[in-house]
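What follows draws every value from the coordinates through simple rules; no lab data is involved. The model shown is predicted, which means the values in this text are computed figures rather than measured ones. Every residue, glycine as well, gets a Cβ built from its backbone with ideal geometry; the counts of neighbours run over all protein chains shown.
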Amino acid sequence: MVDYLIVGSGLAGISFAENALLNNKSIIVIDNNSQNSSRIAGGLYNPVILKRFSEVWRAKEQLELMKSFYAIIESKLGQQFDFKKPILRKFFSIEEQNNWFTASDKPSLSPFLSLTLVTDTFKGIDSPFDYGQVLHTGYVDTAALLKSYKLYLIHLDVLREETFNYAELSNKVDYVQYKDIQAKNVIFAEGFGMHANPYFKHLPLDGTKGELFIIKAPELDLDVIVNTSVFILPLGEGLFKVGATYNWKDKTNLPTEEGKVELLERINEIVTCDFEIVEHFAGVRPTVKDRRPLVGTHPEHKNLHLLNGLGTRGVMLGPSMAKVLFESIEQGIPLDDEINISRIKPKHYLL
Ligand SMILES: Cc1cc2nc3c(=O)[nH]c(=O)nc-3n(C[C@H](O)[C@H](O)[C@H](O)COP(=O)(O)OP(=O)(O)OC[C@H]3O[C@@H](n4cnc5c(N)ncnc54)[C@H](O)[C@@H]3O)c2cc1C
């Protein structure tokens, strides 16, 4: 009998797995590589929604928790994943500069928006109106993290690389039986793959496809993250990650010509030097209409739990949502109404 059977090893699944292991719980993880949102993500963390000049929901708490969370994994796996880097907002006008300073007066944003304009010049980008710097930012190399964490799970002999077949799950009173596995609880963390899950598929997980590039631009001299209509993230050796698009109709993981054209247009608005596309990725973000995660326990099957809806911010949200779900299962600490799946009418859960 294991404590937790975890379906999915994206940011949600590994966040829960790590929480469980840190609390001496036994786990088995099943993943079939069908979704790649976590693997291809930009990995940026930024406490401010720059488009609307508002604070990310519970940003301070999330930042605090995620920093210690990734630090623990880094020390355990002996590899760096969390790279603290400034995010600079490029201004296109004096008006944009003024909006920045107005926003930085808001008490919720003042800890995060620097009052000093960044006047540095970066070869390959023209910015006559300078930049504003967001504080407490950086990125997690999610591809490296997932790869190493998977090796760690293999080393623990707890990873099964296969498709979870929902028809083979049988709910007993105090546990579940899945094939040869008996587990006290199942954590479903399938990202957009949740739509195949008969227990939770009616929850309003929209899915927003995103595409991004790795480009090679040897003349672009940039060691910070620049954010405008796209972000440009330096990876070293003349390589940059650039993204991302938002498409609410197409729900596939395939890169498209439309996405390529859109990204190229946006890059050309900012980058003035030559570049070539090295890689082109796509994935579906597990987004929810009310922009809150989907976390909680099935109303009829008390051993089945959901950790999903991390949307556009899996890096910041994953660790904190995994923690509160774990505490709600193990210690009965109630989940916040804003994230609890119980906020959605129960008829949606019932088979
Ligand atoms: C282009 C793009 C850019 C992004 N940029 C950022 C960013 O800069 N910062 C940020 O914080 N977030 C970003 N995100 C969002 C972030 O990637 C997501 O919030 C996060 O990855 C969601 O993680 P998840 O584990 O819930 O889902 P996923 O990463 O989709 O993981 C789900 C896992 O479940 C597995 N699975 C599904 N169904 C089954 C099944 N039946 N059997 C077995 N396994 C199954 C899948 O194979 C997958 O491994 C971006 C996303 C995209 C697409």
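Summary table
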item: Helical mean residue ellipticity (222 nm; -39500 (n - 2.57) per DSSP H run of 4+; nearest 500) of the chain; result: -8500 deg cm²/dmol
item: Filter on Lys90/Lys289; Lys106/Lys345; Lys51/Lys84 - keep pairs with C-alpha separation over 31 Å; result: Lys106/Lys345
item: Amide proton proximity set for Tyr45, modelled H, under 5 Å, gap of 5+; result: Gly138, Tyr139, Val140
item: Under 5 Å, built H, 5+ apart or other chain: amide partners of Arg160; result: Val29, Ile30, Asp31
item: Summed residue charge, Cβ within 12 Å of Asp120's Cβ, Lys/Arg positive, Asp/Glu negative; result: -1
item: Under the Karplus curve 6.51 cos²θ - 1.76 cosθ + 1.60, θ = phi - 60°, whole-Hz ³J(HN,Hα) for the range 232-249, x wherever Gly or Pro sits; result: 10, 10, x, 10, x, 6, x, 9, 9, 8, 9, x, 9, 8, 10, 10, 8, 9
item: Relative contact order (percent, whole number), the chain, Cα cutoff 8 Å, 6+ residue spacing; result: 23
item: Percent of Cα-Cα distances greater than 15 Å, calculated over the range 1-89; result: 70
item: Stretch gain in nm, segment Ser34-Glu258, where the contour uses 0.36 nm per residue and the Cα spacing is subtracted; result: 78.4 nm
item: Per-bin percent of Cα-Cα distances, the range 246-351 [10 Å]; result: 12, 33, 26, 16, 11, 2
item: Cα gyration tensor category, rounded, prolate or oblate, for the range 55-127 with a/c compared to 1.5; result: oblate
item: Span from the the range 101-175 Cα centroid across to the the range 188-259 one, whole angstrom; result: 12
item: Furthest towards positive pole of dipole, Thr297, Ser104, Tyr246, structure part the chain, Cβ charges; result: Thr297
item: Normalised per residue, the volume of the convex hull around the Cα set of the range 161-221 (Å³); result: 163
item: Gain upon complete extension [Ala71, Asn99; 0.36 nm per residue less C-alpha separation]; result: 6.6 nm
item: Difference of contour (0.36 nm per residue) and Cα-Cα distance, Asp250 to Thr163; result: 29.0 nm
item: Cα-based equivalent ellipsoid of the chain: semi-axis lengths in Å, sorted from largest, via gyration tensor; result: 37, 21, 19
item: Rounded tilt (10° steps) of 142-155 against the dominant C-alpha axis of the chain; result: 30
item: Viscosity 1.002 mPa s, 20 °C: Kirkwood-radius Stokes-Einstein D of the range 63-212 over Cα pairs, µm²/s; result: 106
item: Rounded to 10°, Cα long-axis angle of helix 314-331 versus longest principal axis of the chain; result: 30
item: Cα-centred dipole magnitude for the chain, charges only on beta-carbon of K, R (+1) and D, E (-1), debye, nearest 20; result: 960
item: Most mobile of Thr312, Thr272, Thr137 in a GNM of the chain (Cα contacts under 10 Å); result: Thr272
item: Under 5 Å, built H, 5+ apart or other chain: amide partners of Ile344; result: none
item: Gln80-Leu156 FRET efficiency (beta carbon distance; Förster radius 22 Å; 0.05 resolution); result: 0.55
